[in-house]
């Protein structure tokens, strides 16, 4: 099976040669692994068997797609948000609407003139559409883009004291994501459209389910509708404890949920599979808080195998992924043990890396 066939089969709960994989790494982890395998960081996913190719067309590119060399390095994105590398990650150090008046917030101009250049980031992936499952990441989609512009404190104050302004901003944020999504669907042959809106904390949601249903659900659904109208899967990412709204997401037409942070309240993968597995596929669930960085290779292998078997108990509906980016403190042997459980041996990974090196030499 090639990667596209493998992911489609898994989502349809048909037989696969191995579980599909789509793994995310902390930039420092990725750099270390690439050095170990003697390949460029850009080829790491290929060596490690990623079956999904996806890139960011919305604001997540500014957070994850631009990798600074040193802590303290920064950039300002198309939205006017300043990002600074802190402890290896890009973090926001300036919110353009933090001190804005309600009128200034309401009249904020999204970078519509940048839509063409933003979706062009999909072009390298489009060339590989015959072999790989291709995704377009249009996140952050609503609430999360709002607070990246306004700051979390200002956003929460708006929601409490000026709900009409908050709803207007949620609408505008989602409309921008819709424009990107529609343009990408028109231009490229996608397999899923990826929306994202972090709304969960460790023990509960940042907004009440009632507020989420009123303020965010109707607008987020329009993104799922774009996927459906184009005949592709709708995927959604939200970190944290979002159990109270998973039924809503299914009702809205969601197909694939990520990242299943298993240590958060209500997010046990097997319980979610039992309750929602008939209507929903899952991607994630490998614990990056405790298991991956602190377990033994044998523990990693056994727990990952248990996760795969449990999440595919009905024949599929699962893509192997971590519950967050794999942190730098994770030992290499633990990472390879996780892949071994997925049916991808360390030897095969090194063979893939050797093929990448040979291909690059032949291009010189």
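Starting from residues that are within 16 Å of residue 246 (Cβ to Cβ) and in contact (Cβ under 8 Å) with a residue 60 or more places away in the chain, keep the ones in segment 213-230 and report whichever is surrounded by the most Cβ atoms within 10 Å (Cβ to Cβ). If you could, list the steps in order and put the result at the bottom.
Of all residues in segment 213-230, those within 16 Å of residue 246 (Cβ to Cβ) come to 213, 216-217, 220-221, 224.
From what is left, the residues that are in contact (Cβ under 8 Å) with a residue 60 or more places away in the chain are 216, 220.
Details: 216: 25, 220: 27.
Per the criteria, the residue is 220.
Kindly state which strands (runs of 3 or more DSSP E) lie completely within segment 22-132 and contain at least 2 residues that are free of Cβ contacts under 8 Å to residues at least 60 places away in the same chain and either outside the structural domain of residue 354 (by TED's automatic domain parsing) or surrounded by fewer than 20 Cβ atoms within 10 Å (Cβ to Cβ) (or both).
Values: elements: 52-56, 74-76, 82-86, 89-94.
Answer list for segment 22-132: 74-76, 82-86, 89-94.
Among the residues of segment 341-353, which ones are over 30 Å from residue 278 (Cβ atoms) and surrounded by 14 or more Cβ atoms within 10 Å (Cβ to Cβ)?
In the first step, residues of segment 341-353 are kept if they are over 30 Å from residue 278 (Cβ atoms); the result is 345-353.
Passing the criteria: 346, 348, 349, 350, 352, 353.
Rundown of residues vs (1) part of a loop (DSSP other than H, G, I, E, B); (2) out of contact with any strand residue (DSSP E or B) (no Cβ under 9 Å at 6 or more places or on another chain); (3) surrounded by fewer than 22 Cβ atoms within 10 Å (Cβ to Cβ); (4) not assigned by TED's automatic domain parsing to the domain that holds residue 317, yes/no style:
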{"site": "253", "(1), (2), (3), (4)": "yes, no, yes, yes"}
{"site": "266", "(1), (2), (3), (4)": "yes, yes, yes, no"}
{"site": "270", "(1), (2), (3), (4)": "no, yes, yes, no"}
{"site": "279", "(1), (2), (3), (4)": "yes, yes, yes, no"}
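Could you tell me whether any residue of segment 305-317 is touching a helix residue (DSSP H, G or I) at 6+ places or on another chain (Cβ under 8 Å), in a helix (DSSP H, G or I), free of Cβ contacts under 8 Å to residues at least 40 places away in the same chain and in the same structural domain as residue 22 (by TED's automatic domain parsing)?
yes
Determine, yes or no, whether residue 155 is over 13 Å from residue 137 (Cβ atoms) and surrounded by fewer than 21 Cβ atoms within 10 Å (Cβ to Cβ). Before the answer, list the steps.
Values: over 13 Å from residue 137 (Cβ atoms): yes; surrounded by fewer than 21 Cβ atoms within 10 Å (Cβ to Cβ): no.
Spelling it out, it is not the case that residue 155 is over 13 Å from residue 137 (Cβ atoms) and surrounded by fewer than 21 Cβ atoms within 10 Å (Cβ to Cβ).
The values are calculated or read from the model by the stated rules, or taken from the named source; none is laboratory data. Just so it is clear, the structure is predicted and the values come from calculations on it, not from any experiment. Because the Cβ atoms are built from the backbone with ideal geometry, glycine has one as well, and the counts that use them run over all protein chains shown.
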